[in-house]
Structures are given as C-alpha cells and as structure tokens.
1. Being out of contact with any Gly (no Cβ under 9 Å at 6 or more places or on another chain), surrounded by 14 or more Cβ atoms within 10 Å (Cβ to Cβ) and not charged (D, E, K, R): is that true of Gly303 here?
2. Quick check on this structure: which one of Asp47, Asp59 is closer than 30 Å to Val126 by Cβ, more than 60 Å from the chain's Cα centre (by Cα) and at pLDDT 95 or above?
3. Considering Thr93, Thr79, Thr49, which residue is part of a strand (DSSP E or B) and more than 30 Å from Ala2 (Cα to Cα)?
4. Residues that are at pLDDT below 95 and of a type in the set (Asp, Glu): list the strands (runs of 3 or more DSSP E) wholly contained in region 287-391 that include at least 1 such residues.
5. For the condition surrounded by 14 or more Cβ atoms within 10 Å (Cβ to Cβ) and either in contact with a Pro (Cβ under 7 Å, 6 or more places away or on another chain) or within 30 Å of Gly416 (Cα to Cα) (or both), what is the one hit in Val253, Val341, Val278, Val294?
6. I'm told Val82 meets every condition in (1) among the β-branched types (Val, Ile, Thr); (2) touching a residue at least 60 places away in the same chain (Cβ under 8 Å); (3) touching a Leu at 6+ places or on another chain (Cβ under 7 Å) except one. Can you identify the failing condition by its number?
7. Which ones in region 171-193 are in a loop (DSSP other than H, G, I, E, B) and either within 18 Å of the chain's Cα centre (by Cα) or surrounded by 15 or more Cβ atoms within 10 Å (Cβ to Cβ) (or both)?
8. Being under 30 Å from Phe119 (Cβ atoms) and loosely packed, with under 10 Cβ neighbours inside 10 Å is the filter here, so list the residues in region 16-44 that pass it.
Amino acid sequence: MACGSAATATSSVGGSPYAIVCSGGVSGNYDFSYADGNLTVTKAPLDVTANASSRFYGDSNPPFTASYGGFKNGQDIFTAGVTGSPSLTTTATQNSDVGNYTITAAVGTLASGNYGFVFHDGTLMVLKATLEVTANDKSRIYGDANPGFDATISAFKNGETLATSGVTGTASCSSAATPSSAVPGPYAIGCALGTLAAGNYGFHFNAGQLTVNKALLTVAAISTSKILGVANPTFAATYTGFKNGQTLATSSVTGDSSLTTVATASSPIGSYTITAAVGSLVSGNYTFSFVNGVLTIVYGTTGFLQPINDTAHTQTTMSVFKAGSTVPVKFQLLNASGAVVFASALPQWVTPLQVATTSSPIDEYVYSDPPTSGSTYRSDGSQYIYNWQTSKSDVGKVFRIGARLDDGTTIYVNIGLK
C-alpha cells in the first residue's frame, strides 16, 4: 500500500491542508477501505537581522537596513512574496554620546503568506566627530621672541561651543622660527594634541602663519659744531635698536643715511638742522626712523688776551692780580681764517665764581683803569674788553670769570687775587 500527497515543496501555506491519499493495498483475507489524511504546510521562519551601522557624533541617524536569511526554494526577498519592511529603531539621537546603541528590529509592515519572521537586533556605532584645530596667525618684530601661540577650535556639533562641548585641555602650538629668523617669513605655526581631550570629538590640526615684521632702527644725526667760515664737517649718525646682538657691521644694513644741512661755509653764526633721511640705506630686517641733529656755527678764539695768561684755555699759567685792582679782561672773536669778527650781540660778562684759593704772588701789573659798569663787554677796536673791579677782601681767592657769546658758547679763565 502507498500513501502520497499532491503537495510539493513549493506548495503554499495558503493552500493547506493538502490531502494525503493511500491506495494499492493487497491481502488474501482483507478488503481495504481508504480514508484521506491532511498535510498541513506551516510558515517557514525567515531571519530578519538589523545591519550594523555607524555615524558621527552630532549627525542624524542614517537609514537603517536589514538582511534576510532562511529563504526556501531558491527564493530571495524579491521572489518570496514578502512585502513591507521591518521596523528598525534605536534610542540614539543626535545628542547621544559616542558609543554603541542597539538597533531594534521588529515586524513593522512586513507580511508574507509563506514565512514567519525571527528578528535579530543590530548595533549602531556613534563615532567621534572631528573638530578642526587651527593655529591662529601671529606676527612679531624681527629679533623678538615668538609670541604665545594658540588655536581656534571649530566644527562643534549640536550647537555646542568649546565651553559646553566637554573638550578639556589645550593644543600644543609651536613654530620653528627663532628671533634670528629673517623678515618676512611667513613661518608655519603647527599644532599638536597637547592636553586636548574629549569624549565625543577627535581632532584635526591645521597650520597657521607667523609673520616677522621689520624691527625699527633709529638713525640719529650726531650734533656737531664748526668754526665760522669753515666748510661743513663730514656728518655722522648713530644707529640704535639692533636685534640679536647685531651691530651696523653685522646687521646686513647696507648703504648710508643722507645727512644734510642748509648751512654752508658762508653761513652766519647760529644753529642749523642736520636733516637725517634714508639716503641709500637698505635692510631686509630693519626699517628706519630718523632723528635730526644740530650743526652749531661758533666763533673761533685764542682765549683771553694779555695781561691774562690763557694759553688756549689750558690754564698752564694762572695770572695773579692785586686784590682791589682793575683786571682788563680782553678777547677776540675770529673766523676760520683767523680774521677778527664781531658778534651780533655784545658778549655777556659772567659773574665771577670762587673756585679755589691761592698763595701765589702777584705776577701781573697793577691796573687802575675805570671799571666797566653793567653786564656786557664793550668793543674796543679789534677786541672786546671788560674791566673787572676786584675787591681787596678777596685776597688769596681764585675766581672763574668768562664771557657768554651769542653763538651759545661761554669761554672761561681762572684768575688769582693776592
């Protein structure tokens, strides 16, 4: 006897039950009566597995997908008669911290006549977002130490700022530039992790630039003087403000400053500006500021004339006059060629000042010329004269006397009284 069913492996669940028919029984003592049975086809289990996924902190969740396993009869998702889609959800939001979160798989709108569903959860990995750490551009003067370097951090998520993001520490930023690095650069400012740390962020570093600006040299014309009628001297200047222990000779400054004045050999007594300007000065690392000087044109003089001993103001021999006598104080003003000239204003008598004592004897003639009244010398032919009335009470004293000229200078001599 044999039993069978018309159902096949592809027979649908919906057609169930299917008849089980028996026939062909043989027996010498029995006849057979047949009653059909039922074959029930139940739904095959289909595995629905949420696919693992990832995203960065602060981003929206990506669309989740699922994989299907356990199809029968060579079917796939497109031929199995499965409709709809599973529900794939997670508790993670844009604000969720870095970490792993369950993707929960459920039936959603899935439907199938021949399959039931078995669900397997997946994992969503929330990865660290990347912050951009950019070194701030800086500048400094040539020869100075580098300034403090710092960085700006950007690309925060979820409306966060540095203060609210949980980022701690600071980046380590530096430059290979030294005080002797040449103008202008720029020189790279590189940043590294330093003490930066964050639970939800990683860091990407971007270089900045250090610009080195020229240092300032002060070029100051050196004030000087000359005798009336002589050609201008060669002017010179001082240079200050060098960096790195440099001098004019080692600084790579080339050329010369321009030092000029309107004064000529024929200019009268007075003060004239020595104008300092760039001239041919050039430097890669320095710029220049200028300070003018003064050329003073003064009278020539051979000192005080006899009877005063005054050898070019050296006072190698001091004249000693009788206390109470009149001392004729005489001198001449000369130009560069030795010719006598006269001042625009009469020289001023300098009030005598005691500077020492003396025991030397009188070595000059006793004069009794009428003393000069007032405080100015008078012109007497080719010279200026002031008759100084000494006091008998000044015996043994040494006085400094002099003449103040309209060129701004003062000539002095020491006189002893006995």
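The values are calculated or read from the model by the stated rules, or taken from the named source; none is laboratory data. A quick note: this is a predicted structure, and the numbers were derived from the prediction, not measured. Cβ atoms come from the backbone with ideal geometry, glycine included; neighbour counts cover every protein chain shown.
1. On the way: out of contact with any Gly (no Cβ under 9 Å at 6 or more places or on another chain): yes; surrounded by 14 or more Cβ atoms within 10 Å (Cβ to Cβ): yes; not charged (D, E, K, R): yes.
Considered against the rule, which asks whether it is out of contact with any Gly (no Cβ under 9 Å at 6 or more places or on another chain), surrounded by 14 or more Cβ atoms within 10 Å (Cβ to Cβ) and not charged (D, E, K, R), Gly303 comes out as yes.
2. Working: Asp59 fails: more than 60 Å from the chain's Cα centre (by Cα).
Matching residue, one of Asp47, Asp59: Asp47.
3. Numbers: Thr93 fails: part of a strand (DSSP E or B); Thr79 fails: part of a strand (DSSP E or B).
From the options Thr93, Thr79, Thr49, the qualifying one is Thr49.
4. Numbers: elements: 293-298, 319-321, 326-331, 348-357, 378-380, 383-389.
Strands (runs of 3 or more DSSP E) meeting the threshold: 378-380.
5. Working: Val253 fails: either in contact with a Pro (Cβ under 7 Å, 6 or more places away or on another chain) or within 30 Å of Gly416 (Cα to Cα) (or both); Val278 fails: either in contact with a Pro (Cβ under 7 Å, 6 or more places away or on another chain) or within 30 Å of Gly416 (Cα to Cα) (or both); Val294 fails: either in contact with a Pro (Cβ under 7 Å, 6 or more places away or on another chain) or within 30 Å of Gly416 (Cα to Cα) (or both).
Criteria check complete, one pass: Val341.
6. (2)
7. So the first thing to find is which residues in region 171-193 are in a loop (DSSP other than H, G, I, E, B), and the list is 171, 176-186, 193.
Listed by number, the residues that qualify are Ala171, Ala176, Ala177, Thr178, Pro179, Ser180, Ser181, Ala182, Val183, Pro184, Gly185, Pro186.
8. Residues satisfying the conditions are Thr40, Thr42.
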